[in-house]
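Peer 1: Got a structure for you, questions after.
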Amino acid sequence: MTSPLSAPTVLPGTGSLPVLLSVPHSGTDYPDWLLRAARRGKGALEHLEDPLVDRLVWRALAQGCGAVIARAPRAAVDCNRSLQEIDPAMAGGVPGSDPGPRARGGLGIVPTRTPRDGDLWRNKLGSGEMERRIEGGWRPYHLALRDRLQQLQRRHGEVLLLDCHSMPSRGPRQPQIVVGDRYGRSAAAWLGDLVRRTVEREGFTAAFNDPYAGGWIVESLGDPPAGVHAIQLELDRSLYLDGSCRKSGPGFDGVARLLETLVVTVADALTARQELPAAAE
């Protein structure tokens with residue numbers, strides 16, 4: 001019997017902060033069947049990871065922030081893609097629909113190829129295999145996010161989902177951190193600006209929506225008029241990893257402190273907004 005994908009880790013936190021962390025791309029629980037299916041072995045699959053981002057959030061968690069952290073690897077199923085983003089060359093997609101440029105390029109809900117390693121799998125994925133990966137990894141992750149956000153919103157009224165990722169370093173001209181809010185659709189403008197200004201105040205360079213505006217997680221869950229904001233955060237890997245890009249580097253704790261500061265700053269701002277009507281009375 002094929003072993004299931006690992007369920008996400010759900011850390012409820014204390015509930016005192018109106019912020020939830022999402023870490024969808026740091027999973028390292030590779031089942032044997034996935035490795036046997038890999039054309040170029042585990043190393044090619046690891047290139048899809050956001051290394052150690054699940055550990056970077058430890059200081060924010062210590063403040064009482066909750067989190068949903070994927071344990072299944074991105075190579076098995078990408079929780080930051082929609083159910084329509086299926087590479088038609090590798091598995092059957094939705095008839096008559098366009099899966100989008102990411103899926104056509106090989107980086108859909110199940111990654112199928114990368115520029116660095118080429119085709120990732122020995123064989124095409126049947127519809128049953130695709131569904132098994134979605135039900136085993138993708139759906140539990142999204143159910144957990146929605147459940148935690150609903151609980152936080154019942155307590156606080158207005159909440160932020162901070163979706164944490166890392167990006168390859170492209171040299172000194174690239175911003176160190178990219179804040180993405182789907183061009184203003186997934187979070188209120190003031191909140192995205194607060195995140196950017198906080199990043200810069202802590203000594204990092206920042207960009208907004210360029211080159212990453214946010215994936216399916218913030219797009220599907222962000223609903224600012226309803227009080228649910230969602231922002232994607234991309235961290236340059238050279239900030240916190242060593243030269244191997246597999247182990248922590250000298251800047252690791254500095255980035256962990258940045259995430260802690262962001263969570264506390266945003267939580268304070270959201271809490272103050274909820275207290276304004278009572279203060280006016």
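We did not get these values from a lab; they are worked out from the coordinates using the rules stated. Everything numeric in this text was worked out from a predicted model, so none of it was measured. Neighbour counts run over all protein chains shown; Cβ positions are idealised from the backbone, glycine included.
Peer 1: Which condition number in (1) in contact with a helix residue (DSSP H, G or I) (Cβ under 8 Å, 6 or more places away or on another chain); (2) assigned to a helix (DSSP H, G or I); (3) crowded, with 20+ Cβ neighbours inside 10 Å is the one that Arg148 fails?
Peer 2: Unmet condition: (1).
Peer 1: Can I ask one more? Residues of segment 162-186 being touching a strand residue (DSSP E or B) at 6+ places or on another chain (Cβ under 8 Å), under 26 Å from Pro18 (Cα atoms) and small (Gly, Ala, Ser), which ones?
Peer 2: Scanning segment 162-186 gives Ser166, Gly180, Ser186.
Peer 1: Here's something else I'd like to know. Does at least one position in segment 69-78 carry a residue that is surrounded by 15 or more Cβ atoms within 10 Å (Cβ to Cβ), more than 19 Å from Ser166 (Cα to Cα), in contact with a Gly (Cβ under 7 Å, 6 or more places away or on another chain) and of a type in the set (A, V, I, L, M, F, W, C)?
Peer 2: No: zero hits.
Peer 1: Just to be sure I understand the filter: pairs with C-beta atoms under 7 Å, separated by 6 or more residues or on different chains, first member in segment 201-216 and in contact (Cβ under 8 Å) with a residue 60 or more places away in the chain and buried (at least 17 other Cβ atoms within 10 Å of the Cβ), second member in a loop (DSSP other than H, G, I, E, B) and of a type outside the set (Val, Ile, Thr). Which pairs pass?
Peer 2: Pairs found: Gly215/Asn80; Gly215/Arg81; Trp216/Asn80; Trp216/Arg81; Trp216/Ser82.
Peer 1: Identify, from the list Gly128, Gly157, the residue that is in contact with a helix residue (DSSP H, G or I) (Cβ under 6 Å, 6 or more places away or on another chain), surrounded by fewer than 15 Cβ atoms within 10 Å (Cβ to Cβ), more than 24 Å from Gly254 (Cβ to Cβ) and not hydrophobic (A, V, I, L, M, F, W, C).
Peer 2: Gly157
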